[in-house]
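This report concerns only the one structure given below.
The values are calculated or read from the model by the stated rules, or taken from the named source; none is laboratory data. Source: prediction; values computed, not measured. Here the Cβ positions follow ideal geometry from the backbone for every residue, glycine too, while neighbour counts run over all protein chains shown.
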Amino acid sequence: MKTNKSYTKRLKITKNGKLIGKKPGFNHYNAKQSRTKQLAGRKGKEFTISVKAKSHLLPFN
């Protein structure tokens, strides 16, 4: 079984096994947003996924 590389590039796995992903909606058109909202897009958001999907997409993590 192979690890899904496109999936692993979008997520970061913490030492306790949590998945952290970027908040959606902050790719472009951010110039009109306030500075606090721009910086909020840089923070990660905890990503929940079922165990079955995690074992299928990330078998070695």
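Results, tabulated for the structure shown:
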| read-out | value |
| --- | --- |
| Candidates K2, K23, K45 - the one that is of a type in the set (D, E, K, R) and at pLDDT below 85 | K23 |
| Residue in segment 10-24 that is surrounded by the most Cβ atoms within 10 Å (Cβ to Cβ), counting only those that are under 8 Å from K45 (Cβ atoms) and among the charged types (D, E, K, R) | K22 |
| Long-range neighbours under 9 Å by Cβ, at least six apart or interchain, first residue on the phi > 0 side of the Ramachandran plot within segment 20-32, second surrounded by 10 or more Cβ atoms within 10 Å (Cβ to Cβ) | G25/G41 |
